[in-house]
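Everything below concerns the one structure shown next.
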Amino acid sequence: MEVIKVYHIDAFSTIQNKGNPAGVVLNGRELTDEQMQEAAAKVGFNETAFLLPSDQADYRIRYFTPGHEINLCGHATMAAVHAMKTSSLLGDKSEFTIETKAGVLPIQLHPDGITMKQAAPQFREFTGSLKELASSIGIDVDDIDTELPTLYGSTGTWTLLIPIRRLDIFQRMKPNNKLFPDILKEMPKASIHPFCLETYDPHAHMHARHFSSPYSGTIEDPVTGTASGVMGAYYARHIKKESWLRLCIEQGQEIGRDGRVYVTVRNGDDIEITGNAVYVSEFEVRLGGGSN
């Protein structure tokens, strides 16, 4: 039986137990794919990041939900970089690259936090039923703002972006995740990401929640980096068509995990997100049968 150390880091916040929790394993090179998946399931956070060596970049990071591996995770990247920095793995590096299944991405450390570039945004049409979609997250079809498009979007991980008319509607949302695959016929493994332009924080530009694919083994992701990145690209295409945008996106208030993601959009398809992270704890997970 193997025992591994896991760091619990909260991303997109400087306050413990706010933002989005992630697990980080710094010795991923010693684990098989099956062990990484087992560890992520036992950790139980929305994502756990595993650090490995790379022959294409300075480091390689793999991301696992409790249910399966995903290509890229913004908050787990923030958490992994924070753990690497505080464990002295980065030395005095302030710029480096990471290999992910969404490509090789540059990372920058600076006084305001951690900045990561994301994959170029992609969008696909949603042709399903808005009524069924609304019902699957516990709201009425009239709560969806049809003046803006409901679209699948990705800067590394696919999600369905749903414009919502008002902020108070988010308090009513109750996802029935198992219904998602039948509604998302074009992309049955996508997550669902409702958002609106009304915010709790007067300095924020967008508010959102993020409901997980049922294949991931989780219900809701408190504060999402990749979804915030593609929301920035959506904003630049459909809301304010400018060549340079800097957006503040808030998320997590409804579930007590208030966090912020800052998104920079250049020329519509150059996306960077910036955030903070804070150490919470470290613990051991036993692999190979039994509980932790």
Subject >> Matching residues in segment 239-281 - criterion: being β-branched (V, I, T), out of contact with any helix residue (DSSP H, G or I) (no Cβ under 6 Å at 6 or more places or on another chain) and either without any contact (Cβ under 8 Å) to a residue 24 or more places away in the chain or part of a strand (DSSP E or B) (or both) >> reply: T264, T274, V278, V280
**OP:** Test I98 against the stated conditions and say whether it is outside the structural domain of P214 (by TED's automatic domain parsing) and assigned to a strand (DSSP E or B).
**Re:** yes
Original post:
Under 7 Å by Cβ, and 6 or more places apart or on different chains, what pairs join a residue from segment 168-189 that is assigned by TED's automatic domain parsing to the domain that holds P214 with one that is surrounded by fewer than 17 Cβ atoms within 10 Å (Cβ to Cβ) and of a type in the set (V, I, T)?
Top reply: P175/I219; N177/I219; E186/T127
Original post:
Which of the residues that make up segment 123-150 are surrounded by fewer than 15 Cβ atoms within 10 Å (Cβ to Cβ) and either part of a strand (DSSP E or B) or of a type in the set (S, T, Y) (or both)?
Top reply: R124, E125, T127, S129, T146
**OP:** Tell me which of these P202 doesn't satisfy, since it passes every other one: (1) in contact with a Cys (Cβ under 8 Å, 6 or more places away or on another chain); (2) assigned to a loop (DSSP other than H, G, I, E, B).
**Re:** (1)
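Is one or more of the residues making up segment 52-74 out of contact with any Ser or Thr (no Cβ under 9 Å at 6 or more places or on another chain) and either assigned by TED's automatic domain parsing to the domain that holds I249 or hydrophobic (A, V, I, L, M, F, W, C) (or both)?
The answer is yes, given that some residue of segment 52-74 is out of contact with any Ser or Thr (no Cβ under 9 Å at 6 or more places or on another chain) and either assigned by TED's automatic domain parsing to the domain that holds I249 or hydrophobic (A, V, I, L, M, F, W, C) (or both).
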Original post:
Would a scan of segment 53-67 turn up a residue that is under 19 Å from H210 (Cα atoms), touching a helix residue (DSSP H, G or I) at 6+ places or on another chain (Cβ under 9 Å), surrounded by fewer than 18 Cβ atoms within 10 Å (Cβ to Cβ) and not hydrophobic (A, V, I, L, M, F, W, C)?
Top reply: yes
**OP:** Among the residues of segment 213-264, count how many are touching a Pro at 6+ places or on another chain (Cβ under 9 Å), crowded, with 22+ Cβ neighbours inside 10 Å and β-branched (V, I, T).
**Re:** 1
Original post:
Considering M36, M78, which residue is hydrophobic (A, V, I, L, M, F, W, C) and surrounded by 23 or more Cβ atoms within 10 Å (Cβ to Cβ)?
Top reply: M78
Original post:
In segment 12-30, what count of residues is obtained for those that are surrounded by 13 or more Cβ atoms within 10 Å (Cβ to Cβ) and closer than 15 Å to Y63 by Cα?
Top reply: 8
**OP:** Please enumerate the residues belonging to segment 265-279 that are surrounded by 24 or more Cβ atoms within 10 Å (Cβ to Cβ) and of a type in the set (A, V, I, L, M).
**Re:** V265, I271, I273, A277
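The rows are residues; the columns are (1) among the polar types (S, T, N, Q); (2) touching a residue at least 40 places away in the same chain (Cβ under 8 Å); (3) buried (at least 24 other Cβ atoms within 10 Å of the Cβ); (4) touching a Gly at 6+ places or on another chain (Cβ under 8 Å).
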site	(1), (2), (3), (4)
E2	no, yes, no, yes
G44	no, no, no, no
F50	no, no, yes, yes
N71	yes, yes, no, yes
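The values are calculated or read from the model by the stated rules, or taken from the named source; none is laboratory data. All of these numbers come straight from a predicted model, not from anything done at the bench. We place every Cβ from the backbone using ideal geometry, glycine too, and count neighbours over all the protein chains shown.
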